[in-house]
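Worksheet: one structure, shown below.
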Amino acid sequence: MLQHIDINDIITVAQRAGEGIMEIYAKDFNVEYKDDKSPLTEADQRANEIIIDGLNALSVQFPILSEEGKEIPYEERKDWEYFWIVDPLDGTKEFIKKNDEFTVNIALIYKNTPILGVVYAPALDEMYWAKRGEGAFKNGERLPLKMNNTPDKILTVVASKSHLSEETKVFIDHLKSTTQHLIFVSKGSSLKLCMVADGSADIYPRLAPTMEWDTAAAQVIVTEAEKAVIHNITGEILVYNKRNLTNPYFIVQGTRV
């Protein structure tokens with residue numbers, strides 16, 4: 001089934017969503033708050049509409065699970081073989097702050113594993129994509145773009161700009177004992193996973209809650225760059241379409257860290 005999906009079609013959908021987001025980004029906009037106190041803007045809603053319309057226009061149809069879509073009961077989705085999982089605007093807090101670090105995330109899941117992913121940062125004009133077995137790319141260049149062969153001497157850690165938990169701080173403090181020089185980078189949205197994939201960061205600890213749509217697209221990119229998104233305790237790869245769509249705490253890293 002994967003061979004019937006042209007990654008360029010998904011890239012185009014993400015670009016269109018990005019254009020819709022940037023039209024709103026350039027002007028004043030209102031911010032609402034959902035029941036869980038997370039922010040919601042017109043850009044989230046417009047991008048969601050563009051993505052849903054774009055995916056529904058493809059020749060191959062799959063169900064769509066979106067952060068901004070209607071809630072779909074587990075009893076309905078548990079039997080899905082293929083489905084799209086979408087975060088139309090990942091990093092809404094960064095969007096509101098206007099620091100450019102937000103993304104459009106679109107992933108195709110097969111059973112419980114992401115097999116195709118597109119992550120687009122429209123304000124930065126950075127497009128990441130990957131398809132299982134075909135490698136990962138950033139703006140057309142194959143990932144990783146660089147390798148760190150001496151993590152014991154220098155290690156770059158990326159972590160959340162808006163959600164730096166105490167557990168994450170403790171983890172980073174421990175890493176300081178494993179290397180001579182630790183560089184800390186703060187970044188928003190799924191760009192953190194993509195930084196590990198492209199080699200601009202060595203490790204991303206996320207010891208705080210995230211949802212499946214936050215990570216699915218970038219996880220394919222990480223995996224195809226021959227790195228991994230793993231449970232911080234068990235070391236198992238993150239899986240999807242769980243009854244509870246909240247991810248466990250996880251670490252994104254290469255094999256050398």
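The values are calculated or read from the model by the stated rules, or taken from the named source; none is laboratory data. Predicted model, so just to flag it, every value in this text is computed and none were measured. Here Cβ is always computed from backbone atoms with ideal geometry, including for glycine, and neighbour counts include all displayed protein chains. Just so you know, the surface numbers come from the protein's heavy atoms only, side chains and all, with ligands and any DNA or RNA stripped out. Shrake-Rupley method; radii C 1.70, N 1.55, O 1.52, S 1.80 Å.
Within the stretch 226-249, none of the residues are surrounded by fewer than 19 Cβ atoms within 10 Å (Cβ to Cβ), more than 14 Å from the chain's Cα centre (by Cα), more than 29 Å from Lys78 (Cα to Cα) and of a type in the set (S, T, N, Q). Applying the criterion of being outside any loop (DSSP other than H, G, I, E, B) and closer than 22 Å to Gly117 by Cβ to the residues of the stretch 141-184, the residue that is most open to solvent (accessible area, probe 1.4 Å) is Arg142.
Each residue in the stretch 32-45 was checked for being at pLDDT 90 or above and within 19 Å of the chain's Cα centre (by Cα), and 3 of them qualify.
Among the residues of the stretch 186-227, those that are under 18 Å from Leu145 (Cα atoms), touching a Leu at 6+ places or on another chain (Cβ under 9 Å) and not in a loop (DSSP other than H, G, I, E, B) comprise Leu191, Cys194, Ala197, Asp198, Ile203, Tyr204, Ala218, Gln219, Val220, Ile221, Val222, Glu224.
Being within 19 Å of the chain's Cα centre (by Cα) and open to solvent by 70 Å² or more (accessible area, probe 1.4 Å) holds for only one residue in Glu23, Glu19, and it is Glu19.
Looking across the stretch 114-140, just one residue is touching a Ser or Thr at 6+ places or on another chain (Cβ under 9 Å), farther than 17 Å from Asn48 by Cβ, open to solvent by 20 Å² or more (accessible area, probe 1.4 Å) and in a strand (DSSP E or B), and that is Glu126. Considered as a group, the residues in the stretch 96-113 that are under 17 Å from the mean Cα position of the chain (by Cα) and of a type in the set (S, T, N, Q) include one that is surrounded by the most Cβ atoms within 10 Å (Cβ to Cβ), and that residue is Thr103. Does Ala14 satisfy being surrounded by 15 or more Cβ atoms within 10 Å (Cβ to Cβ), touching a Leu at 6+ places or on another chain (Cβ under 7 Å), modelled with pLDDT of 95 or more and among the small types (Gly, Ala, Ser)? Judged against the criteria, Ala14 is not a match.
Determine if the stretch 204-218 includes at least one residue that is within 13 Å of the chain's Cα centre (by Cα) and among the acidic types (Asp, Glu).
yes
Among the residues of the stretch 55-95, those that are closer than 30 Å to Lys161 by Cα and open to solvent by 60 Å² or more (accessible area, probe 1.4 Å) comprise Lys70, Glu71, Lys93.
Output the residues belonging to the stretch 51-97 that are polar (S, T, N, Q) and touching a residue at least 40 places away in the same chain (Cβ under 8 Å).
Scanning the stretch 51-97 gives Ser59, Ser66, Thr92.
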